[in-house]
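Colleague: Below is one structure. I have some questions about it.
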Amino acid sequence: MRVLTFLCLLLITFGCKEATTTKEKKDNTDISDISTKDFREFKVLDSKYLSNAQIWRDLNTQLEDFSEKEYNALKPLVLEQDIPTLQQHISDGKLSYESLSKFYLYRIRAFDRENELSLNSVIAINPNIITEAKAKDDALRTMDIALEDLKYSVFGMPILLKDNINASGMPTTAGAVALQNNNAKDAFIVTKLKEQGALILGKANLSEWAYFFCGDCPSGYSAIGGQTLNPYGRKTIDTGGSSSGSGVAVAANFCVAAVGSETSGSILSPASQNSVVGLKPEVGLVSRSGIIPISSTLDTAGPIAKNVTDTAILLGAMYGYDPEDSKSFETVNKNWTPRDFSRFEGQSLKNKTFGAFKPLLKDSLYLEAISVLKVQGAEIVEFEPEDYKLLDFLRLLNLDMKKDLSDYFSKYADPSLNLKSVDDVIAFNIKDSANVMPYGQKLFRGVVADSATEEEFNTIKNTLKNNGTMYFDIVMKRHNLDAFLSINNYHAGFAAVAENPAITVPMGYTKDGVPKGLTFISKDEKMILDFAYLYEQASKKRQAPKDYN
C-alpha cells in the first residue's frame, strides 16, 4: 500500500486520490512531498484569454449550411462509432469527410464553452479544417485504395492535438499566456499524421505546461483554456491530467480521436478518468520533436480514443524514426508495419498470464475485470509488489526541463516570443500574476532552484531506470507474466522510468459514477493492444456521458 499511496500522490500522475489513505513523510527529494488542492477547489472556471467568439470567428460562416436537422440525422452514424465504421459510411456515401468535420465542429460549438454543459476541452480550431476536409473528399474520388485499407486509416479523420504539440495555423500554448503567440511549424508527429491523410481538427486544452508548473492547481486548468471539466461529473469528478482536454473531448465525441502526451500518467490518467482508451508508448517509438517538453528522458506522445481499434490506428499513423529525437529508434528492428497496430483477428487470451497487484484486489471493478479475463482463458497471478522507490523523481524532471525547455525555445518555438528559459517564463508571469498564474508557479521555481553535476544527474537517471525496470522484471520473470494489470495511472511512475508501454481501457464506474480503467503494462505495444482489445470486446464497459448525446 505504501507504493500505491506514493504513486497516487505523484503530481503528474494525479487522478487516483480515492486509493490514498495516508500520507507518510518521506525524503524531501521524493515527489510525494508535493500535494495538490482538491480538484473541486476551482479558483477559475472560464478563460480570461479565450472566448467562443474568438474560436469561431473564422468558421461560423462556413457552418451556416450545416443545420441542426442535418446534425441530428448524422448522430447515429457518428456518435461512438469507430474509424472502420466511419470509413465504411463514407465509402457507402452516407457521410463525407466534410460532413463528418462539420458534425464535430457543430458539437464543439454547441457544448464546449459558455453554456451550462461547458467542458472547456478545446482550446483552438484549425481555421482551414472545412477546406481541408473538402480536399480529402475530392482526393478520395481519385485514389486507388482498397476499402479494406481505407477502413484502417486515419485518412480524412478529424483529430485533436494536445496544445503542447506544434501545428501550423494555430498557436501552441501549453495553456500558458506566455506562449499565446507561439506560431510554430508542424511537429514531426503532425507531419506524419498529415502524410497519412489525417485532418487536424484543432487543439485540446491541457493542465498548463503539462501539469508541471503550478503545484497547487486542479488538473485540467490552464490560463489560456480555462478549467477543463469532466463530462461524467462537470464539477465533481476529476478530469485527470495533463492531457485533460484530449481525454474529455474524446469522451464527449468532439473528435474521432486525440493525441496526448505523457511524462508519467498524463495519458493514462485523463483516459481512465473520462472512460476512454489511452496508450502510452515505449519512449522512442513516437517522436517528441516540436512538442513542448518536461523530460527528454520520459516524455512521449500517444493516442487517446473511444476504443482500442481507433487507438491502434492512430498509433500506427504516428510512429516513426525521427533523427532529431535522441531516443527515437528504427521500428524495423521490431518488424512492425502500421497495419500491425490495427488488426486483432485470431488473437486469444488463452495461455496468457497476467499479474494482479494484491493491494488493488479490494477494488470491486478490478475484481470484476479479472473475472472477465479469466472467462476469456487468462491465468491470473496475484502478487505483492517489489519494494523499490522512485526517490529523486522530481529532480529528474527539474533537471531535464531546465535544459529541454530551452532547447525547445531555440529549435521549435516562434522566435518572436523572446523566451529562452524557465527563468524567462517566470519573469513574464510575475507581470500579471493574478490572471496569468492564479495558482502560482511553484514547480517552475523548483526547476530554477535545482542543479546537479552531470555525474549526479546520470546517477539519478540510472537509478530510477533500474528501480523501475526491476519493479516489473523481477515479478514478470518469477511468474512468467505476459503483462501486469493495474488501475488508471496507479503504476504510471514505475512504467515511466522503466520506459514500458501501458494502455488503459474502460472497466466501469464506481457507485458515484466515477469512471475507472483497467491498465495493462508490459514491454510491447502490439501485445498490450491485443490484450486491451480482447478485454474491451468481452467487457464492453464504456458508456457515453449521458448529457452529451
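Colleague: Any residue in the stretch 501-515 that's in contact (Cβ under 8 Å) with a residue 60 or more places away in the chain: show its pairings with residues that are among the polar types (S, T, N, Q) and in a strand (DSSP E or B) at Cβ separation under 8 Å, as long as the two are six or more apart or on different chains.
Modeller: Within 8 Å, the pairs are 502/486; 502/519; 503/519; 504/519; 505/519.
Colleague: If you check 123, 90, 145, which single one turns out to be over 30 Å from residue 240 (Cα atoms) and in contact (Cβ under 8 Å) with a residue 24 or more places away in the chain?
Modeller: So the residue among 123, 90, 145 that is over 30 Å from residue 240 (Cα atoms) and in contact (Cβ under 8 Å) with a residue 24 or more places away in the chain is 90.
Colleague: Let me ask something additional. Does any residue of the stretch 10-18 turn out to be closer than 25 Å to residue 234 by Cα, within 26 Å of the chain's Cα centre (by Cα), outside any helix (DSSP H, G or I) and modelled with pLDDT of 95 or more? It would help to see each step written out before you state the result.
Modeller: First, the residues of the stretch 10-18 that are closer than 25 Å to residue 234 by Cα: 10-18.
Still in the list and also within 26 Å of the chain's Cα centre (by Cα): 10-18.
The next check asks that each one be outside any helix (DSSP H, G or I); those that pass are 10, 14-16.
Filter again for modelled with pLDDT of 95 or more, leaving none.
Checked against the condition, which is being closer than 25 Å to residue 234 by Cα, within 26 Å of the chain's Cα centre (by Cα), outside any helix (DSSP H, G or I) and modelled with pLDDT of 95 or more, the stretch 10-18 yields no hits at all.
Colleague: Residue under question is residue 285, and the condition is that it be among the aliphatic types (A, V, I, L, M) and surrounded by fewer than 21 Cβ atoms within 10 Å (Cβ to Cβ); does it hold? Show your work before the answer.
Modeller: Details: among the aliphatic types (A, V, I, L, M): yes; surrounded by fewer than 21 Cβ atoms within 10 Å (Cβ to Cβ): no.
No: the conditions fail for residue 285.
Colleague: Scan the stretch 174-183 and give yes if some residue there is free of Cβ contacts under 8 Å to residues at least 40 places away in the same chain, surrounded by fewer than 23 Cβ atoms within 10 Å (Cβ to Cβ) and out of contact with any strand residue (DSSP E or B) (no Cβ under 6 Å at 6 or more places or on another chain), otherwise no.
Modeller: Taking the stretch 174-183 as the starting set, the residues that turn out to be free of Cβ contacts under 8 Å to residues at least 40 places away in the same chain are none.
Scanning the stretch 174-183, I find no residue that is free of Cβ contacts under 8 Å to residues at least 40 places away in the same chain, surrounded by fewer than 23 Cβ atoms within 10 Å (Cβ to Cβ) and out of contact with any strand residue (DSSP E or B) (no Cβ under 6 Å at 6 or more places or on another chain), so the answer is no.
Colleague: When the stretch 187-217 is examined, which residues are found to be closer than 22 Å to residue 55 by Cα, among the charged types (D, E, K, R) and assigned to a helix (DSSP H, G or I)?
Modeller: Across the stretch 187-217, the qualifying residue is only 208.
Colleague: OK, next. Go through 95, 105, 86, 50 for me and flag whichever is under 22 Å from residue 548 (Cα atoms) and either assigned to a loop (DSSP other than H, G, I, E, B) or of a type in the set (Asp, Glu) (or both).
Modeller: On the way: 105 fails: either assigned to a loop (DSSP other than H, G, I, E, B) or of a type in the set (Asp, Glu) (or both); 86 fails: either assigned to a loop (DSSP other than H, G, I, E, B) or of a type in the set (Asp, Glu) (or both); 50 fails: under 22 Å from residue 548 (Cα atoms).
Sole residue among the options that is under 22 Å from residue 548 (Cα atoms) and either assigned to a loop (DSSP other than H, G, I, E, B) or of a type in the set (Asp, Glu) (or both): 95.
Colleague: If you don't mind, another one. If we scan the stretch 407-422, do we find a residue that is of a type outside the set (Gly, Ala, Ser), at pLDDT 95 or above and touching a Pro at 6+ places or on another chain (Cβ under 6 Å)?
Modeller: The answer is yes, given that some residue of the stretch 407-422 is of a type outside the set (Gly, Ala, Ser), at pLDDT 95 or above and touching a Pro at 6+ places or on another chain (Cβ under 6 Å).
Colleague: Turning to a different aspect of this structure: Let me confirm something: among 225, 202, 220, 156, which residue is within 14 Å of the chain's Cα centre (by Cα) and buried (at least 22 other Cβ atoms within 10 Å of the Cβ)? It would help to see each step written out before you state the result.
Modeller: Numbers: 225 fails: within 14 Å of the chain's Cα centre (by Cα); 202 fails: within 14 Å of the chain's Cα centre (by Cα); 156 fails: within 14 Å of the chain's Cα centre (by Cα).
220 is the lone residue from the list that is within 14 Å of the chain's Cα centre (by Cα) and buried (at least 22 other Cβ atoms within 10 Å of the Cβ).
Colleague: Only one of 114, 80 is under 24 Å from the mean Cα position of the chain (by Cα), surrounded by fewer than 19 Cβ atoms within 10 Å (Cβ to Cβ) and either farther than 30 Å from residue 236 by Cα or among the charged types (D, E, K, R) (or both); which? Before you say what the answer is, go through the steps one by one.
Modeller: On the way: 114 fails: under 24 Å from the mean Cα position of the chain (by Cα).
That would be 80, the only listed residue that is under 24 Å from the mean Cα position of the chain (by Cα), surrounded by fewer than 19 Cβ atoms within 10 Å (Cβ to Cβ) and either farther than 30 Å from residue 236 by Cα or among the charged types (D, E, K, R) (or both).
Quick grid of which residues meet (1) among the hydrophobic types (A, V, I, L, M, F, W, C); (2) within 17 Å of residue 51 (Cβ to Cβ):
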{"site": "91", "(1), (2)": "no, no"}
{"site": "94", "(1), (2)": "no, no"}
{"site": "97", "(1), (2)": "no, no"}
{"site": "107", "(1), (2)": "no, no"}
{"site": "110", "(1), (2)": "yes, yes"}
{"site": "127", "(1), (2)": "no, yes"}
{"site": "130", "(1), (2)": "yes, no"}
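Colleague: Listed residues 104, 49, 97; which is hydroxyl-bearing (Ser, Thr, Tyr), out of contact with any Lys or Arg (no Cβ under 9 Å at 6 or more places or on another chain) and buried (at least 22 other Cβ atoms within 10 Å of the Cβ)?
Modeller: 104
Colleague: Name the single residue, out of those in the stretch 126-171 being in a loop (DSSP other than H, G, I, E, B) and of a type in the set (D, E, K, R), that is farthest from residue 263 (Cα to Cα). Steps first, please.
Modeller: Initially, the stretch 126-171 is screened for residues in a loop (DSSP other than H, G, I, E, B), giving 126-128, 143-146, 152-157, 163-164, 166, 168-169, 171.
Then drop every residue that is not of a type in the set (D, E, K, R), which leaves 144, 163.
Numbers: 144: 40, 163: 15 Å.
It comes out as 144.
Colleague: Another one. Just to be sure before I move on: is residue 151 in contact with a helix residue (DSSP H, G or I) (Cβ under 9 Å, 6 or more places away or on another chain), basic (Lys, Arg) and at pLDDT below 95 in the structure I sent? Talk me through it step by step, then tell me what you get.
Modeller: Numbers: in contact with a helix residue (DSSP H, G or I) (Cβ under 9 Å, 6 or more places away or on another chain): yes; basic (Lys, Arg): yes; at pLDDT below 95: yes.
Taking the combined requirement at face value, the residue satisfies it.
Colleague: Shifting gears a bit: Out of all the residues in the stretch 295-332, which are within 18 Å of the chain's Cα centre (by Cα) and of a type in the set (D, E, K, R)? So that I can check it myself, show each step before the final result.
Modeller: We begin by selecting, within the stretch 295-332, every residue within 18 Å of the chain's Cα centre (by Cα); these are 295-319.
Within the stretch 295-332, 299, 306, 310 qualify.
Colleague: Among the residues of the stretch 444-501 satisfying the criterion of being assigned to a helix (DSSP H, G or I) and among the aromatic types (Phe, Trp, Tyr), which is surrounded by the fewest Cβ atoms within 10 Å (Cβ to Cβ)?
Modeller: We begin by selecting, within the stretch 444-501, every residue assigned to a helix (DSSP H, G or I); these are 444-449, 454-479, 492-498.
Next, only the ones that are among the aromatic types (Phe, Trp, Tyr) stay: 444, 457, 471-472, 494.
Working: 444: 23, 457: 18, 471: 25, 472: 24, 494: 27.
The residue in question is 457.
The values are calculated or read from the model by the stated rules, or taken from the named source; none is laboratory data. All of these numbers come straight from a predicted model, not from anything done at the bench. Reconstructed Cβ throughout: ideal geometry from the backbone, glycine too, with neighbour counts over all protein chains shown.
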